[in-house]
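Presented below is the structure to which this report refers.
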Amino acid sequence: EIHIKEPIEKEVNPHLLPGELLLCEASTVYKYTQEDGSNRGTYGKLVCTNFKISFLDDDSASDDNEPQFKNKIVGENDITLQCVDQIYGVYDEKKKLLTGQLRKYPEKLIIYCKDLRVFNFCLRYTKEEEVKRIVSGIVHHSQTPKLLKRLFLFSYASAAPNNTDGRNQTVMFETLEDWRDELERTKGNVKYKAVTTNEGYRVSEKLPLYFVVPICISEESILKYEGRGIPIWCWSCHNGAALLKMSAFPKEQDDSTSQMQKAFLDGIYKTISKPPYELLKTDDLSSSLPSLQDIQTAYTRFKQLFLIDNSTDFWATDVKWFSLLESTNWLEIIRRVLKKAIEVVECLEIQHTNVLLIEESATDLCCVISSLVQVMMDSYSRTKSGFQSLIQKEWVIGGHGFLDRCNHLHKSEKEEAPVFLLLLNCVWQLVQQYPPAFEFTETYLTVLSDSLYVPIFSTFFFNSQHQRDTNKSGESLKTQSGPFRFLTVWDWSVQFDPKAQAFLNNPLYAEKPKPDKSQRKTARFKHQRQLSLPLTQAKPSTKRGFFREETDHLIKNILGKRIGKFINSSDEPPNSLREFYDSWHSKPVDYHGLLLPRIDGPEIKVWAQRYLRWIPEAQLHGGGTIATAAKILDLMEEVQSLQVKMDEEHSQAVSGGVHSVPMLRNSARLSSLFPFALLQRQSVKPALPTSTWKDLEDEDDLVKRDDEFVDLSGDML
């Protein structure tokens, strides 16, 4: 039963950005809160613009309920068109996926978002004409293929005044000077050079305007195969060893062409294997890591665990949480990627060997591995500006196809794969294992993942530097002509005010190395759900778990079977990697030195803040890592205000000089959902039906499992 209250009398109009146009709207729409059993919610207006879908209720007009961590571009009830994942209509209690032209219009609308929010709208009390307009409008503008120039990015760039903060310290890698500075910073300028061969994109449209290659590589070699087969420099280690990447030749070629290409590659390898260059190890990532299709399949399964409609769905999955989590294979992919990065680190750090990563386009898994290696080995990449510069260098300028991989234009689902999200998940593992080593927080990573779907920044909306440059020219509404001036996502003042930006910076960042062993023992917070898969008797022990592949290979060898090519083009024994891993973890951590992630079974965890933040049932009242961080920020503000009072000479200036406003004083009101959602409601786990318990009793392995983490009583705390 729904309690119908009078529709809103006062007119609530959407807040429109420059260039944003209202396309369609519907009044008397009822938005459900995720409440099981009751149909509580609020009436309002549902609107669709060329930028977002927005729900406006009577609270939208007041500032009383504004969250403390407010995004200035995308509000709590706003969904950018690029953030819409799937839309379902409910017809007579049956859900149906909505795409294309609709013959019949639903009585309920469910919108699943890529940031894992779920919106439920009831259209039963809305006028039929308005229902037709709003449903067909939302489906059309968010689900059908569109042209690049139809993205809101261009509308905003042509209409918005360009008054962004010019103090951005991120290196954009758009000039030759940026590359030369990076070479100098890493001391790679003795053996490598920045080249201008691709000016005017005469070599390839996929390559950046400027890039770095070994000094011995000639311009003719770069031009010969449009940049394919050329080792491109990523980063140099302190000992001179370098990380390189290469775009591979197509595998299906006629014999004469492939012979020529093989001869060309042999020549390149010989050239860069001679002194002053180190020995070279090649690693074909397409054979040693999961395919993009595997990654997409795993993530699609994984995100379904968090797109929860109601409490009943949540508790139904809770019983089988571990088996469901394991079956997605997402945590295993993260583990494999981190392990590959450790392999590369060992070659660079211990063996002093150059590593050449090979991939078909060198713009997907190459970006993931090269970025992770730099985060692990270079403390500069663990600062905020350093990490942003790294993303610019390896991903934005490096030519990762954000447009295709995020499927922003809905052109082809075959090209879609969450490669950048995979990197952020891997970096999060390091951030939560070694918090003092990073200048940024997990909230920063979460906000960065959300920014993938905000089309006012050019950062994540092009496939290459060439595509961005060729689409930059256009007519501006202000100047009548001239190039578009796109915003960069790295200017956080566009999305957040200074108070909110404080949550992006780590107050406990270790400014100087602290080799004290006790520093390693970071607090481990408990969660409502265990976020990692437990070690069980059926699994290998922790040390063997990491080297499962090597153990399997040894068994295969004893049985007379062929050993898989685990370590490519290298003669070192498999145990050298294990020795390196164990040796590093036996020593105190230098937060400004090399970092190796712990990757045994339960050490790989679910990124709780990103994936559980919209689920009230998963909240910890007054707890969680964010509540701790918020308390630290409070203490820091108090110390700063005391410092101001001490420094001020005049008592009158003291009261006016304290600018820091406490973000939160009552941490009891907080939950682990903060800062993305305020404390919502207590969720009581329902009593399990008898049939469910019977099912559980049949699953011997689940009931009899001797497992410290499995707790079927519901208190997974």
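The values are calculated or read from the model by the stated rules, or taken from the named source; none is laboratory data. Every value quoted in this text rests on a predicted model; they were computed, and no experiment measured them. Neighbour counts are summed over all protein chains in view; Cβ atoms, including those assigned to glycine, are modelled from backbone coordinates with ideal geometry. We work out accessible area using only protein heavy atoms, side chains counted, and drop any ligands, DNA or RNA first. Shrake-Rupley method; radii C 1.70, N 1.55, O 1.52, S 1.80 Å.
Some observations on this one:
- Scanning the range 210-269 for residues that are more than 15 Å from Leu280 (Cα to Cα) and assigned to a strand (DSSP E or B) returns Phe211, Val212, Ser247.
- Of the candidates Ile599, Ile632, Ile626, the single residue that is modelled with pLDDT under 95, surrounded by 20 or more Cβ atoms within 10 Å (Cβ to Cβ) and either among the β-branched types (Val, Ile, Thr) or not assigned by the TED database to the domain that holds Phe119 (or both) is Ile626.
- Applying the set (1) under 23 Å from Glu174 (Cα atoms); (2) touching a helix residue (DSSP H, G or I) at 6+ places or on another chain (Cβ under 6 Å) to Val454 leaves exactly one unmet item: (2).
- Screening Asp378, Asp313 for residues that are in contact with a helix residue (DSSP H, G or I) (Cβ under 8 Å, 6 or more places away or on another chain), among the charged types (D, E, K, R) and surrounded by fewer than 23 Cβ atoms within 10 Å (Cβ to Cβ) leaves exactly one candidate, Asp378.
- Selection within the range 591-614: residues that are within 17 Å of the chain's Cα centre (by Cα) and in a helix (DSSP H, G or I). The member of this set that is farthest from Gln429 (Cα to Cα) is Leu612.
- For the range 270-300, a tally of residues being in a helix (DSSP H, G or I) and either within 21 Å of the chain's Cα centre (by Cα) or farther than 17 Å from Leu338 by Cα (or both) returns 14.
- For first residues located in the range 44-71 and farther than 26 Å from Ile626 by Cβ and part of a strand (DSSP E or B), partners that are at pLDDT below 95 and of a type in the set (Asp, Glu) and lie 6+ apart or on another chain with Cβ distances below 7 Å form the pairs Gly44/Asp57.
- Cβ pairs under 6 Å, 6+ apart, first in the range 410-433 and in the same structural domain as Glu394 (by the TED database), second part of a helix (DSSP H, G or I) and aromatic (Phe, Trp, Tyr): Pro418/Tyr299
- Remark: Val74 falls outside the filter, which requires a residue to be at pLDDT 95 or above, of a type in the set (Val, Ile, Thr), within 22 Å of Thr300 (Cβ to Cβ) and touching a Ser or Thr at 6+ places or on another chain (Cβ under 7 Å).
- Any hit, the range 272-279, residues being closer than 30 Å to Ser532 by Cα and open to solvent by less than 10 Å² (accessible area, probe 1.4 Å): no
- Matching option when the condition is closer than 20 Å to Phe580 by Cα, of a type in the set (A, V, I, L, M, F, W, C) and either in a loop (DSSP other than H, G, I, E, B) or touching a strand residue (DSSP E or B) at 6+ places or on another chain (Cβ under 7 Å) (or both), among Val355, Val375, Val337, Val345: Val355
Conditions tested, residue by residue: (1) of a type in the set (Gly, Ala, Ser); (2) buried (at least 17 other Cβ atoms within 10 Å of the Cβ); (3) in contact with a Gly (Cβ under 8 Å, 6 or more places away or on another chain).
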position	(1), (2), (3)
Phe152	no, yes, yes
Met172	no, no, no
Thr186	no, yes, no
Thr196	no, no, no
Leu209	no, yes, no
Ser218	yes, no, no
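- Filtering the range 139-146 for residues that are in the same structural domain as Tyr32 (by the TED database), open to solvent by 10 Å² or more (accessible area, probe 1.4 Å) and assigned to a strand (DSSP E or B) leaves an empty set.
- If only residues of the range 384-420 that are assigned to a loop (DSSP other than H, G, I, E, B) and of a type in the set (Gly, Ala, Ser) are counted, the one that is most open to solvent (accessible area, probe 1.4 Å) is Ser412.
- Residues that are touching a Pro at 6+ places or on another chain (Cβ under 8 Å) and of a type outside the set (Lys, Arg) were ranked within the range 190-239; the one that is nearest to Glu359 (Cα to Cα) is Pro231.
- Residue tally, condition surrounded by 20 or more Cβ atoms within 10 Å (Cβ to Cβ), farther than 15 Å from Glu394 by Cβ and out of contact with any helix residue (DSSP H, G or I) (no Cβ under 7 Å at 6 or more places or on another chain), over the range 350-368: 2
- Some residue of the range 433-440 being touching a Pro at 6+ places or on another chain (Cβ under 7 Å) and at pLDDT 95 or above: yes
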